[in-house]
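Readers should treat all values here as calculations from the given coordinates under stated rules, not as data from a laboratory. Quick caveat, the model's predicted, so the values are computed rather than measured. Cβ placement follows ideal geometry from the backbone for every residue including glycine, while neighbour counts extend to all protein chains displayed.
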Amino acid sequence: MPGKANLDRLRRYWDRHSRGYDRQMGFMDRKFFGDTRQWLCGQAEGEVLEVAIGTGLNLGWYSDDVRLTGVDLSPGMLDHARRRAEEAGREVALSIGDAQRLEFPDASFDTVVCTFSLCAIPDDRVAVGEMKRVLRTGGRLLLADHVVSTSWPARVVQRLLEVVTIPVGGENFRRRPIKHVQAAGFSIEQHDRFKLGIVERLVARKPAA
């Protein structure tokens, strides 16, 4: 588990990048991620928690009847999410939070969503464990991220990128969160991987204890 100093450093990093985040992710959505936000968030039901909600880019893809809560490490990102929610007339409870230590009781949500964020959470295994903890039995985990490629030339590029991105902003390009999801006992119901295996998305269900 990273110390407070490291979390504070990451918080400052994402605060600084909050203004340009939508532009950067808009490019990634068009070139790489496709309909992933719509595909995942359209399946969210009931009490929904979005972990690392960022600037709220997913808000427009949730159905009107979900009851949405969002947490993010960065106050700057949450400011943008709050404005986006107000402009859209979307009710969402937003708060500062660490994905590795969610401040919610066990079994609080029907759905947990996390898109393109586990790559930058210091311990993605712990974060997946926290998502499982706050899910109700039978609840669904909806995840999407960029992961290690199935193409070796692309993996070489990813490794080179990490030389810069991990020390600067903690962003990893060679993770595979699905391994933690499977190890945590979830049942994978839907799974998709594309763009040289770099983009991976899944729907998993929390089993009965």
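Summing +1 for each Lys or Arg and -1 for each Asp or Glu, what net charge is found among the other residues whose Cβ lies under 9 Å from the Cβ of residue 184? After counting each charged neighbour, the total is +3.
Once both labels are positioned 7 Å from their Cα atoms along Cα-to-Cβ, the gap between residue 194 and residue 161 label points is 1.8 nm. Answer rounded, prolate or oblate for segment 27-85, using the Cα gyration tensor with square roots of eigenvalues a ≥ b ≥ c: rounded when a/c is under 1.5, else prolate when a/b is larger than b/c, else oblate. Because a/c hits 1.5 or more and a/b fails to exceed b/c, segment 27-85 counts as oblate.
With both residues required to sit in the chain, DSSP beta bridges show an antiparallel share near 45%.
Set the Förster radius R0 to 30 Å, insert the Cβ-Cβ distance between residue 91 and residue 168 as r into 1/(1 + (r/R0)^6), and round the FRET efficiency to 0.05. That pair, residue 91 with residue 168, gives E of 0.25. Couplings 3J(HN,Hα) for segment 115-129, derived from phi with the Karplus relation 6.51 cos²θ - 1.76 cosθ + 1.60 (θ = phi - 60°), are 10, 6, 9, 4, 5, 10, 7, x, 10, 5, 5, 5, 4, 4, x Hz, where x marks Gly and Pro.
Between the listed residues 56, 17, 34, the Cα displaced farthest toward the positive end of the dipole of segment 1-56, a dipole computed from Cβ unit charges relative to the Cα centre, is found at 17. Oblate is the label for segment 1-53, because the ratio a/c of its alpha-carbon gyration tensor axes (a ≥ b ≥ c) is 1.5 or higher and a/b is not greater than b/c. Does segment 67-185 come out rounded, prolate or oblate, given a ≥ b ≥ c as the square roots of the eigenvalues of its C-alpha gyration tensor, rounded meaning a/c under 1.5 and, failing that, prolate meaning a/b above b/c? Oblate is the answer for segment 67-185, as a/c is 1.5 or above yet b/c matches or exceeds a/b. Remark on residue 147: its backbone amide H falls under 5 Å from those of 199, 200, a criterion applied only to residues 5 or more positions apart or on other chains, H modelled at 1.01 Å from N. Rounded to the nearest 20 debye, the dipole size of segment 1-132 about its Cα centre is 740 debye, using +1 on the Cβ of Lys and Arg and -1 on the Cβ of Asp and Glu. Counting charges near residue 6 (Lys, Arg +1; Asp, Glu -1) among other residues having Cβ under 12 Å from its Cβ returns a value of +1.
Relative contact order for the chain: what percent, with Cα pairs under 8 Å and sequence separation of 6 or more? Relative contact order comes out at 19 percent.
Only lysine pairs 8 or more places apart, or on different chains, with alpha-carbon atoms under 29 angstrom apart are counted in the chain, and they number 10. Dipole orientation for segment 58-209: of the candidates 190, 149, 80, 149 has the Cα lying most toward the positive pole (charges on Cβ; Lys, Arg +1; Asp, Glu -1).
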